[in-house]
1. Per DSSP H run of at least 4 residues, take -39500 (n - 2.57); add these up for the chain, divide by its residues and hand me the 222 nm value, nearest 500 deg cm²/dmol.
2. Sequence-distant or interchain residues sharing an amide H contact under 5 Å with ALA86, placed H: which?
3. Would you look at the GNM of the chain, springs on alpha carbons closer than 10 Å, and say which of PRO90, PRO169, PRO157 moves the most?
4. Out of (1) 12.9; (2) 15.2; (3) 10.9, which label holds the value of mean projected area of the Cα convex hull in nm² that was computed here?
5. Roughly what would the spin-label model give for GLU45 and LYS23, points 7 Å off Cα along C-beta, in nm?
6. Could you derive backbone 3J(HN,Hα) for segment 184-190 from the dihedral phi with the Karplus parameters 6.51, -1.76 and 1.60 (θ = phi - 60°), listing whole Hz in sequence and x where the residue is Gly or Pro?
7. Of the listed pairs LYS78/LYS108; LYS56/LYS108; LYS23/LYS56; LYS116/LYS159; LYS108/LYS159, which have alpha-carbon separations greater than 28 Å here?
8. Under 14 Å from the Cβ of SER91, count the other residues' Cβ atoms, weight Lys and Arg +1, Asp and Glu -1, and hand me the total.
Amino acid sequence: MRKEGINQSSRRYYRDLIGFLNKIVANDRSGREIDFHDAVHRAVEMILALSVSGNKCMFIGNGASQSISSHISTDLLKNGGIRTMAFTDPSLLTTFSNDFGYEYVFQKPLELHADKGDIVIAISSSGKSINILNACRAARERECSIITMSGFRPDNPLKGTGDINFFVPVEEYGPVEVIHHSICHCLVDMILESNADAER
C-alpha cells in the first residue's frame, strides 16, 4: 500500500473510532438506558465497595476479551488494592473444558470461587458466547453483582444480563475490543483517583 493510502486508512480508522466512542450505550438490569458516564460512576462505586466488604472482582472473557480480563484484573489488584481473579490459567481452562465442555469453562470454576457480594465482569464482543452467559447465570444464583461489556447487535443476550451493561454498537471485533479495553482502563483510573483522594 502506498503512503498516501496508508495515511487515508489510518485517518479513517481513528475518525471511525472516535465516532464509535460517542455511540457507547449503557443500561441497567431492567434494560433502562443510563448515561454512559453515570454508568462508569456506578461501576466504580460498586468495585470500590469491595475494598470495604472484602469481596472480590472476577473477570471472564474469550480470546482478546480474556487478554483484557487478565490485564485489568492485574491492574486492579496491584494498583487498586482490589482482590481480583481472572480465569486464565491453561490447566484450569483445559481441565474444565475437557471434563464438562467448553460451554462450562467459566461457570464451573466460578461456582467454586464465587461468594455472595462478589462482582463478575463479563466481556464478550458478540455478547452471545454460551460460556459467558452460563457463568453469568451461575454468578446471579450466587448473588454476585454483574458488569457486562458487549458489542455487535443490540439484541445480544449479554447486554441485558448485568446490573450495569456497556454496549458498543459496532459489528467489528477490533473497535469493540479497543473500546472495551478503554472502558476497563477508565474504571481502573477512576478507582486510583478515588483512592488518592481518600489518602489526602
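Read-outs throughout are calculated quantities, based only on the coordinates presented, and are distinct from any laboratory measurement. Just so it is clear, the structure is predicted and the values come from calculations on it, not from any experiment. Positions of Cβ are generated from backbone atoms using ideal geometry, with glycine treated the same way; all protein chains shown enter the neighbour counts.
1. Working: 8 runs with 110 residues, N = 200.
So the calculated ellipticity at 222 nm is -17500 deg cm²/dmol.
2. PHE59
3. In the Gaussian network model the winner is PRO90.
4. The calculated read-out lines up with (1).
5. According to this spin-label approximation, the distance is 3.0 nm.
6. The phi angles translate into 4, 5, 4, 4, 4, 5, 5 Hz.
7. On the way: LYS78/LYS108 26 Å; LYS56/LYS108 17 Å; LYS23/LYS56 30 Å; LYS116/LYS159 22 Å; LYS108/LYS159 22 Å.
Result: LYS23/LYS56 exceed 28 Å.
8. Working: positive: LYS108; negative: ASP89, ASP99.
Summing Lys/Arg as +1 and Asp/Glu as -1 gives -1.
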